[in-house]
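The values are calculated or read from the model by the stated rules, or taken from the named source; none is laboratory data. Here the structure is a predicted model, which is why all the values come from computation and not from measurement. Cβ placement follows ideal geometry from the backbone for every residue including glycine, while neighbour counts extend to all protein chains displayed. Note: accessible area is taken over every heavy atom of the protein model, side chains too, but ligands, DNA and RNA are not part of it. Shrake-Rupley method; radii C 1.70, N 1.55, O 1.52, S 1.80 Å.
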Amino acid sequence: MAAREGTSDTATATAAVALTWRLLVLGPGWSPGPMRARAAGASVFSVHQTPPDTRTEAVDAIPHPEGVSNEEFRAALARLAAGVVLVTAHEPPLSATGPRGEDAGMTATAFMSVSLDPPLVLVSVRNGSRMDDLLAEQPLWAASLLSESQRHVAGRFAMKGRISDRLLFEDVPYRRGEVSGALLIGGSLALLECCTEQRIEAGDHTLVIGRVLTAELPSADGGPLMYFKGRYRQLGS
């Protein structure tokens, strides 16, 4: 396992950047959001989980006003192949002298490049999910572009019903980003550290647009991990 870095100086600097972002973007009336409910043991759904009483087969079968049902929409978009990314972020501490927060990870296939100048990327997160709550408070995050050999990493961070990712990182090689404080996954094809510039609510998801602060290419070997027709795949498979 890679060394788990993160000195007190890095933690303090990360917390200061996060606080400044919250005050500038969210305004002086900002107060800690739903992510803090985890400290009190509240149940939080993962980004791939929907509360059990809000999604049924009957709802899927009811067409939208435009005539496309949820089932038809999913089936059509499942034919769009996508790369697989692990988005990570570190929960900001409640105070500069308090204990470090937890690390969180989310498997994402709705991830794309937005702009070259400035360098921007976008990730879509489900409203009310654990990662949505965290990124509403923490502007700094990272994206590890997974390789075809990292199917197990993608699978574990797409699991439903978890409220902590601490154990999921136990046997995953990583290091902590110097700028974002988020975990960067070893063996990935590329590593990005980002700072949120804009959040756009779109239906039942939020589009998080981040400015890329650092970009690394740690590995030139292997191909990308892909997601197609509900399964993880390799190019050509």
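What shape does region 167-237 have by the C-alpha gyration tensor, where a ≥ b ≥ c are the square roots of the eigenvalues, rounded means a/c under 1.5, and otherwise prolate means a/b greater than b/c and oblate the rest? In terms of gyration-tensor shape, oblate. Just the protein heavy atoms count here, and of the accessible area of region 166-237 at 1.4 Å, carbon and sulfur take up 52 percent.
Let a ≥ b ≥ c be the square roots of the eigenvalues of the Cα gyration tensor of region 116-206; is it rounded (a/c under 1.5), or, if not, prolate (a/b larger than b/c) or oblate? Oblate.
Here the dipole of region 152-194 is about 180 debye; that uses its Cα centre as origin and unit charges on the Cβ of Lys and Arg (positive) and Asp and Glu (negative).
Listed peptides 130-139, 156-165, 178-187 appear in the order 130-139, 178-187, 156-165 once ranked by packing, highest mean of other Cβ atoms within 10 Å at the front. Solvent-accessible area per residue in region 85-237 equals 45 Å², computed with a 1.4 angstrom probe and all protein chains kept.
At full extension, Arg175 and Glu201 could sit 6.2 nm farther apart than now, given 0.36 nm per residue minus the alpha carbon distance.
A Förster distance of 25 Å, applied to the separation of the beta-carbon atoms of Leu235 and Val114, puts the FRET efficiency at 0.55. In this simple spin-label approximation, Ala215 and Arg100 carry label points 7 Å from Cα along the Cα→Cβ vector, and these lie 2.8 nm apart.
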